[in-house]
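Structure, as C-alpha cells:
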Amino acid sequence: MSQNKILAFNWKTNPISFAQALGLFKSYKSQFELLENWDQIVFPPFVYLYSLMGIVKRGEINATLGAQDISEFDSGAHTAQVSGPMIADLGCKYVLIGHSETRSEFLTTSFDTAHKIEAALRNQLLPLLCVGFEPQIDGENINFEELKEQIVTAFEPNVEDLNKLDEIIIAYEPTWAIGTGKTPTVKVIEKVIDFVLNTIETNFGKEISQKTRVLYGGSVNETNIAEFAKSDKIAGFLIGGASLDPQKVGNIANSLI
Ligand code: PGA
C-alpha cells in the first residue's frame, strides 16, 4: 500500500471549455512537483479525459486521472453511459463512485454503487467510494446508520474482489459540507473514520479494514487544509471548488509541503 497521502481533485461539470480545462490542468504541474509525499488524482469531466491523458502519458505532469462515474454495464444499449472498458482503455486508474451529487441528481442508490464497484473491479479500475449523509444538526451529529448502510451495501457483493486489492479508498463527504464553506471539526472527521474502519472490520474482516484509507471531502480549501492535514487518520482529501482555481491550488500545495 502506498504510504503517500492522496490529494484528489473533483472538477465536477467544470470548466466549460477544453481550452480552460487544458490551462487548469497545466497550472497544476509546478504545484504537484512540490508534493512529493502525495499522490495526485484528478477527476475531470469525461469529455476532457482523452486529451488530458495525453499530457500525463507524455510525462508532462505527475498526476493520475480518474473518471467521475462509471456505468454498471460494460457495453450495449445504455444511452449516455460511459463504461468501465472505455475508462480503462483511456488509461484511467480510478473511478469515483456514489458521489453525493450522483446520489441526489441521478438517484444512484447504494445498490447501484455495489454494481458500479463490481464494474470498476471487473475492468481493473480502483473504486473511490464516496459516503456521507445529509442532516447536520449541530456539526457533531453523525448519521451512523446511513454511513453503515452505504458502506455495507456497496461492499457486501464485492468483498472477494475488494480483498484482492492492495488498497481500498473511501471518501467521507458529509453532504451538508459540500460546496457550502462549512466543515466538520477534525475530531468529528476522525470519529467518522474510526466508525468507517470499524464497520468494515466488523462486517468484512480485519484484513480488508487494514488496507482501507479514508479521505475527507467537503469545502476543503487553502485556509483549512493544513489543520486537517495534521491528522494521521485522514488519508487525504477530495477537493471540488478549490481545485478550479490555480491560485488556491498553489496555496493548498504550499500548506502541505
Ligand atoms: P467541495 O466539493 O470541495 O466544492 O465542497 C467536494 C466534493 O464534492 O467532492
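The condition of being of a type in the set (S, T, N, Q) and away from the ligand (no atom under 16 Å from the Cβ) holds for only one of Thr183, Thr212, that being Thr212. Restricting attention to the stretch 106-147, the residues that are modelled with pLDDT under 95 and among the charged types (D, E, K, R) total 5. Taken over the stretch 236-257, the criterion of being buried (at least 20 other Cβ atoms within 10 Å of the Cβ) and part of a loop (DSSP other than H, G, I, E, B) is satisfied by Gly240 alone.
The helices (runs of 4 or more DSSP H) found wholly in the stretch 107-210 and carrying at least 3 residues that are small (Gly, Ala, Ser) and open to solvent by less than 30 Å² (accessible area, probe 1.4 Å) occupy 110-122.
Would the stretch 87-99 turn up any residue that is under 17 Å from the mean Cα position of the chain (by Cα), open to solvent by 70 Å² or more (accessible area, probe 1.4 Å) and in contact (Cβ under 8 Å) with a residue 24 or more places away in the chain? Among the residues of the stretch 87-99, at least one is under 17 Å from the mean Cα position of the chain (by Cα), open to solvent by 70 Å² or more (accessible area, probe 1.4 Å) and in contact (Cβ under 8 Å) with a residue 24 or more places away in the chain, which makes the answer yes.
Residues that are loosely packed, with under 13 Cβ neighbours inside 10 Å and among the charged types (D, E, K, R) within the stretch 11-40 comprise Glu33, Glu36, listed in sequence order.
Looking at the stretch 217-235, which of the residues that are open to solvent by 20 Å² or more (accessible area, probe 1.4 Å) and part of a loop (DSSP other than H, G, I, E, B) is nearest to the ligand (Cβ to nearest atom)? Before the answer, list the steps.
Narrowing the stretch 217-235 to residues open to solvent by 20 Å² or more (accessible area, probe 1.4 Å): 219, 221-224, 226-227, 229-230, 232-233.
Filter once more, keeping what is part of a loop (DSSP other than H, G, I, E, B): 219, 221-224, 230, 232-233.
Details: Ser219: 4, Asn221: 7, Glu222: 11, Thr223: 13, Asn224: 10, Lys230: 19, Asp232: 22, Lys233: 19 Å.
Here the answer is Ser219.
The values are calculated or read from the model by the stated rules, or taken from the named source; none is laboratory data. All figures in this text were calculated on a predicted structure; none of them were measured in a lab. Please note: Cβ atoms are built from the backbone with ideal geometry, for glycine as well, and neighbour counts cover all protein chains shown. Just the protein is used for accessible areas: all its heavy atoms, side chains included, with ligands, DNA and RNA removed. Shrake-Rupley method; radii C 1.70, N 1.55, O 1.52, S 1.80 Å.
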